[in-house]
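Colleague: Here you go, one structure.
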Amino acid sequence: AAPGQLAVSRQVLLSSDPPRYAMLVVEADSVPVAAQLRAEAGRTFWANSAGIVAVITIIWGLFHLVWTRRSSLLADAAGHLQFEGEPLRTGVSGGDELARVARAVEQASERLEHQSRLLRTVSCVSLAGQRLADRDALSAEICRLLVQEGGYTLAGMARVQPDGRTIL
């Protein structure tokens, strides 16, 4: 073999009888074969790399699409947070961090709506107290406000006389 070139030698057994044993030595130029194998390995590497990049890109795109849609729902719902009306419903469900944030926003909206209704009721009762001087009319108006504004099912007033007896 010439310098810089590799020689491949192979021994081949031509007979199992020792006197007739012979060896065949084959020498070949391995440089083109090695170059071909390196080129094929390079093509395989780049094809596999491109496939892996494509799969990662698809997975990232799907994750981004789902996350963006769910976070947009939550952001839109939080933008509609108000002090009066029905409690906020985000429409985001699941067991991940975003769903936990959505549930916390919904619970805060329910508390805010309840507190707003109570404040509105107290304000209406206070205005009725300033407006009405008759005790029976004021009692009836307070009961009406508790049911209509406060959301209570039933409201009633009781007076206790000085002797301790209750009058309904």
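The values are calculated or read from the model by the stated rules, or taken from the named source; none is laboratory data. Just so we're clear, the structure is a prediction, and the values are computed from it rather than from any experiment. Here the Cβ is made from the backbone with ideal geometry for all residues, glycine too, and neighbour counts use every protein chain on show. Side chains are part of the model used for accessible areas, which takes the heavy atoms of the whole protein and leaves out ligands, DNA and RNA. Shrake-Rupley method; radii C 1.70, N 1.55, O 1.52, S 1.80 Å.
Colleague: Looking at 44, 57, 68, can you tell me which residue is closer than 26 Å to residue 100 by Cβ, of a type in the set (Val, Ile, Thr), at pLDDT 75 or above and out of contact with any Cys (no Cβ under 6 Å at 6 or more places or on another chain)?
Modeller: Unique residue meeting the criteria: 68.
Colleague: Next question, about the same structure. Answer yes or no as to whether residue 104 is in contact with a strand residue (DSSP E or B) (Cβ under 9 Å, 6 or more places away or on another chain) and either open to solvent by less than 100 Å² (accessible area, probe 1.4 Å) or free of Cβ contacts under 8 Å to residues at least 60 places away in the same chain (or both).
Modeller: no
Colleague: Hey, can you tell me all the residues within the stretch 38-71 that are under 20 Å from residue 94 (Cα atoms) and aromatic (Phe, Trp, Tyr)?
Modeller: 60, 63, 67
Colleague: When you check residue 36 against the structure, is it modelled with pLDDT of 75 or more, farther than 30 Å from residue 114 by Cβ, open to solvent by 50 Å² or more (accessible area, probe 1.4 Å) and more than 49 Å from the chain's Cα centre (by Cα), yes or no?
Modeller: So residue 36 passes the test.
Colleague: Hey, among 135, 120, which residue is surrounded by 15 or more Cβ atoms within 10 Å (Cβ to Cβ) and without any contact (Cβ under 8 Å) to a residue 40 or more places away in the chain?
Modeller: 120
Colleague: So, one more: Looking at the stretch 71-78, can you tell me whether even one residue there is modelled with pLDDT under 75, over 57 Å from the mean Cα position of the chain (by Cα) and surrounded by 10 or more Cβ atoms within 10 Å (Cβ to Cβ)?
Modeller: No, the stretch 71-78 contains no residue that is modelled with pLDDT under 75, over 57 Å from the mean Cα position of the chain (by Cα) and surrounded by 10 or more Cβ atoms within 10 Å (Cβ to Cβ).
Colleague: Does residue 141 satisfy the condition of being open to solvent by 40 Å² or more (accessible area, probe 1.4 Å) and either of a type in the set (Asp, Glu) or touching a residue at least 40 places away in the same chain (Cβ under 8 Å) (or both)?
Modeller: No, not satisfied.
Colleague: How about the stretch 92-123: which of its residues are β-branched (Val, Ile, Thr) and part of a helix (DSSP H, G or I)?
Modeller: 101, 105, 121, 122, listed by residue number.
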